[in-house]
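Notes follow once the structure below has been shown.
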Amino acid sequence: MRRSGWTGAVVGLLTLFLGLAPAVLAADPPGDRLTVFGVASDAQGKGIKEVAVELQVNGQTVPAVEKDPPETGPRGSFVAHYLLPPGTLPGANLTLRVHKPSWETREIRLTPVAAGTDAAGRRLFEAEAEVTLGRRITPAFWMAAFVLLLVYVLIAAEVMHRTLAAFLGASLVLFVSYTLGTFDRQYFIVSFEDAMQAIDLNVIFLLMGMMIIVGVLKKTGLFQWLAYKSYALARGNIFLLSLILQFITAVASAFLDNVTTMLLLLPVTIEIAVTLKVNPLALIIPEVFASNVGGTATLIGDPPNILIGSYAKLTFVQFVLNLGLAVVVCLFVSSLWYLWWYKKGYLEAEVKDVARTIAYLRHEYRITDRKLAALGLGILAFVILLFLLHGLLHMEPSIAAILGAMLLLVFSRTDIVEMLEHEVEWPTLIFFMGLFIVIAGAEETGLIQLIAEGVRDLSRGNLALAVVLILWVSAIASAIIDNIPFTATMLPIVAFLNTAIPGAESGVLWWALALGACLGGNATMIGASANVVTVGLLEKAGYHISFLGYIRACWLPTLFTIIISTIYLLLFY
């Protein structure tokens, strides 16, 4: 029994030794050890991830000790270790070959430097490599460009719902990458992992949180009460009523969002217009214009600003300080314009028995739940306070919005399932997700950088010219297509220009993009989401406005606001 125990122990030790022997021998082979480290970056000095690094010694490729071939990390840096036969260094010809799909392949000579010896007596050498790669047009470039253009055309032509168009594009990008791209890397557009990382969850959760807060407030009748108060304050003066409604819409859009504001105020505005025997368009077109102008002033007022703020890490306060004055002037000018434009319709209004009408509206549009309204406004104020404290807390806006939404649901005892089903606009959130993936494909293949370099070359490195280009191109493009996909496409372009044009570090190009995208979207009924929603609700209520009719009512005030924004940016920046 005892002998059997010793025998088992000996056999176990021999087995352990034999098992470890290959690993020990492999870990300590003879020869020279070479460590190559460095970084691969683009022309602007930004690190490029997942770049393959291959070492050639006297024309022969040598495998790395660890992963072969080594790849650069998220910031473009890499470290690779190689074991070479004794006496290879320092006289050998060392070449580092660096390559990645959609980027040019570079080969650079390495000069090894002696770094001593290790415990096993092997000579240690080091070599450093800093590689700058340029873009290369591949089949993946054309595929990504085609998908991006296809999504734009489908959205602009309204062939299908924009959410379907965006997700169709995202699906095509990934499908091509994992079919053609599997057999030929020249067709690989973007990996699934990179596509998921491209989805900006800060944008998604910020929108979701604000949708829930507004959804609860909507139950209180607060916004309908504001419309009644507007009529009561105007005392039957239709010109003053239009001004007040525009002002309320602009302020509400700055702190909520312009789509939600129009959803809430439009039905009440129609009823007031019918009571006064005025065409509802005479009040609603100025309202939706004011909603887009007011939403331009803050981080959360308009979807393009949410995208810009999240991408560029801009705060709520920065938006207000840099855009507030321009927005106030634009709102003042556009309001006066609409008072003149709809003057004939306003003068035909039948203002009879104002006191009776006020009494009717007071009864019809009152706050139905004062306690919930107070709670909702208190939590909304808390959320906005967190937005304002971003510079101190460095808290992402989405955290504040989601926290406020959840607190409001807890204290109001509102059914979260009901909110998620009826108040959260899932098609909008999914649209953003799909769009982020399509833009990621365009960015990975170099399309975005090509456009950015074109804008840089066109501006000749002049900041003032770049500001004008970004502002006016954004305004014109946002009038033709929805400003959300256009803004998402422009984000990496503006980021590139901020590093390529002297003086752009001030962030003025971000403000040019925000003003152009938000205000330019006013020109047509498809330029901004609020316009699309408003036209749809008007048609549902029996009031039709043609595409050209909308342009006639909005293109000139849009032009005024863009001119004002141009003067503002050139004067103050």
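Read-outs: derived from the displayed coordinates by stated rules, not from any lab. This structure is a prediction, so every number in the text was calculated from the model and none was measured. Neighbour counts run over all protein chains shown; Cβ positions are idealised from the backbone, glycine included.
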Worksheet item: Where nothing but the Cβ of Lys and Arg (+1) and of Asp and Glu (-1) is charged, how large is the charge dipole of the chain around its Cα centre, in debye to the nearest 20?
Response: 960 debye
Response to the item:
Once the dipole of the chain is set up from charges on Cβ (+1 Lys and Arg, -1 Asp and Glu), the residue from the list Asn237, Thr249, Gly215 lying farthest towards its positive end is Asn237
Fill in: Spin-label model distance (nm) - Trp426 vs Leu465, 7 Å beyond Cα toward Cβ
5.0 nm
Response to the item:
Once the dipole of the chain is set up from charges on Cβ (+1 Lys and Arg, -1 Asp and Glu), the residue from the list Val317, Tyr346, Val329 lying farthest towards its positive end is Tyr346
Response to the item:
For the chain, longest principal axis from Cα atoms; helix 139-156 axis from its Cα atoms; angle between them, nearest 10 degrees, is 10 degrees
Worksheet, complete the sentence: Subtracting the Cα-Cα distance of Ala359 and Lys371 from 0.36 nm times their residue separation yields 2.0 nm
Item to complete: Can you tell me how much longer the chain between Gln60 and Ile551 gets when fully stretched, taken as 0.36 nm per residue apart minus their C-alpha distance, in nm with one decimal?
Response: 170.1 nm
Fill in: Footprinting exposure proxy for Ser474, Ser253, Ser546, Ser335 (fewest neighbouring C-beta atoms within 10 Å first)
Ser546, Ser335, Ser474, Ser253
Worksheet item: Along the charge dipole of segment 351-499, which of Thr487, Met406, Thr368 sits closest to the positive end, that is, farthest toward it, with unit charges on the beta carbon of Lys, Arg, Asp and Glu (+1, +1, -1, -1)?
Response: Thr368
Response to the item:
Rounded to the nearest 0.05, FRET efficiency between Val317 and Arg97 (Cβ-Cβ, R0 45 Å) equals 0.40
Worksheet entry | Pairwise FRET efficiency - Val328 versus Leu150, Cβ, R0 = 41 Å, nearest 0.05 | 0.55
Response to the item:
Summing +1 per Lys or Arg and -1 per Asp or Glu among the other residues with Cβ less than 15 Å from Gly516's Cβ gives -2
Worksheet item: Pairs Lys229/Lys540; Lys100/Lys313; Lys218/Lys352; Lys343/Lys371; Lys67/Lys313: which are spaced more than 32 Å apart, C-alpha to C-alpha?
Response: Lys343/Lys371; Lys67/Lys313
Fill in: Loop sites in segment 38-95: GluC sites (Glu not before Pro), DSSP, at most 10 other Cβ within 10 Å
Glu66
Practice prompt. Sticking with the crude label model, points 7 Å out along Cα→Cβ, report the distance from Leu450 to Glu71 in nm, one decimal please.
Written response: 2.4 nm
Worksheet entry | Gap separating the Cα centres of segment 486-546 and segment 299-346, nearest whole Å | 11 Å
Worksheet item: Quick one: which of 355-363, 522-530 comes out on top by average Cβ neighbours within 10 Å, and what's the full order, highest first?
Response: 522-530, 355-363
Worksheet, complete the sentence: Dividing the helical contributions, -39500 (n - 2.57) per DSSP H run of n ≥ 4, by the residues of the chain yields a 222 nm value, nearest 500 deg cm²/dmol, of -21000 deg cm²/dmol
